[in-house]
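> Please find one structure pasted underneath; my questions will follow.
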Amino acid sequence: MTDCIFCKIAAGEIPANKVYEDDDVVAFHDIRPIAPVHFMIIPKTHVDSLAHCQEEHRSLLGKIMLLAPKLAAEQGLAAGFKTGINTGRGGGQEVFHLHVHVFGHKSQGN
């Protein structure tokens, strides 16, 4: 998608404060955080939203969900965190590229 900001971040065309990247996904800090730690995990392949996922996305979705707690712990959220997936305009989605928010407060001692 040529106008998708997340596709441009995934392609390296727009800089982002990345916390993780591999062949399938990119994780980066949200530019409008709602918590002291707030990053997103996005697939490099464009998918409009969770509602647009199909059977072919099963392993990608699993990868994202398993990556969330690993990255959360690395970012200081070992004691706990929240995740959020806004889906569609009615669900508060602003960027129409699937993304999983991971956010929370660092634990004392982390």
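Please treat every number below as a calculation from the coordinates, not as lab data. Everything numeric in this text was worked out from a predicted model, so none of it was measured. Neighbour counts are summed over all protein chains in view; Cβ atoms, including those assigned to glycine, are modelled from backbone coordinates with ideal geometry.
> Quick one: would you say residue 45 is surrounded by fewer than 18 Cβ atoms within 10 Å (Cβ to Cβ) and touching a helix residue (DSSP H, G or I) at 6+ places or on another chain (Cβ under 8 Å)? Let's see the steps before the verdict.
Details: surrounded by fewer than 18 Cβ atoms within 10 Å (Cβ to Cβ): yes; touching a helix residue (DSSP H, G or I) at 6+ places or on another chain (Cβ under 8 Å): yes.
Spelling it out, residue 45 is indeed surrounded by fewer than 18 Cβ atoms within 10 Å (Cβ to Cβ) and touching a helix residue (DSSP H, G or I) at 6+ places or on another chain (Cβ under 8 Å).
> Is it the case, given these coordinates, that residue 73 is buried (at least 18 other Cβ atoms within 10 Å of the Cβ) and among the small types (Gly, Ala, Ser)?
Criteria not met by residue 73.
> For region 86-102, give me each residue that is closer than 19 Å to residue 18 by Cα and in contact with a helix residue (DSSP H, G or I) (Cβ under 9 Å, 6 or more places away or on another chain).
Kept after step one, since they are closer than 19 Å to residue 18 by Cα, are these residues of region 86-102: 95, 97-102.
Residues satisfying the conditions are 95, 97, 98, 99, 100, 102.
> Please specify each residue of region 91-110 satisfying the condition of being outside any loop (DSSP other than H, G, I, E, B) and touching a strand residue (DSSP E or B) at 6+ places or on another chain (Cβ under 7 Å).
Filtering region 91-110 for residues outside any loop (DSSP other than H, G, I, E, B) gives 91, 100-104.
Within region 91-110, 100, 101, 102, 103, 104 meet the criteria.
> Moving on to the next point. Among the residues of region 41-90, write down those that are of a type in the set (S, T, N, Q), in a loop (DSSP other than H, G, I, E, B) and under 13 Å from residue 24 (Cα atoms).
Taking region 41-90 as the starting set, the residues that turn out to be of a type in the set (S, T, N, Q) are 45, 49, 54, 59, 75, 83, 86-87.
Now restrict to residues that are in a loop (DSSP other than H, G, I, E, B): 45, 49, 54, 75, 86-87.
Hit for region 41-90 is 45, nothing else.
> Kindly provide the set of residues from region 1-33 that are within 14 Å of the chain's Cα centre (by Cα), part of a loop (DSSP other than H, G, I, E, B) and either crowded, with 19+ Cβ neighbours inside 10 Å or not basic (Lys, Arg) (or both), ordered by number. Reasoning before the result, please.
Step one: filter region 1-33 for residues within 14 Å of the chain's Cα centre (by Cα), giving 5-7, 9-10, 16-22, 24-33.
This time we only want the ones that are part of a loop (DSSP other than H, G, I, E, B), so: 16-17, 22, 24, 30-33.
Once the filter is applied, which keeps residues that are within 14 Å of the chain's Cα centre (by Cα), part of a loop (DSSP other than H, G, I, E, B) and either crowded, with 19+ Cβ neighbours inside 10 Å or not basic (Lys, Arg) (or both), region 1-33 yields 16, 17, 22, 24, 30, 31, 33.
> Please determine whether any residue of region 64-82 is touching a strand residue (DSSP E or B) at 6+ places or on another chain (Cβ under 8 Å) and touching a residue at least 60 places away in the same chain (Cβ under 8 Å).
Scanning region 64-82, I find no residue that is touching a strand residue (DSSP E or B) at 6+ places or on another chain (Cβ under 8 Å) and touching a residue at least 60 places away in the same chain (Cβ under 8 Å), so the answer is no.
> Give the residue, chosen from 93, 54, that is surrounded by fewer than 15 Cβ atoms within 10 Å (Cβ to Cβ) and on the phi < 0 side of the Ramachandran plot.
Working: 93 fails: surrounded by fewer than 15 Cβ atoms within 10 Å (Cβ to Cβ).
When all the criteria are applied, what remains is 54.
> Is there any pair linking a residue in region 14-41 that is free of Cβ contacts under 8 Å to residues at least 40 places away in the same chain to one that is aliphatic (A, V, I, L, M) and exposed (fewer than 12 other Cβ atoms within 10 Å of the Cβ), with Cβ under 9 Å and at least six apart or on different chains, and which?
That search, which allows pairs on different chains as well, returns 16/31; 17/31.
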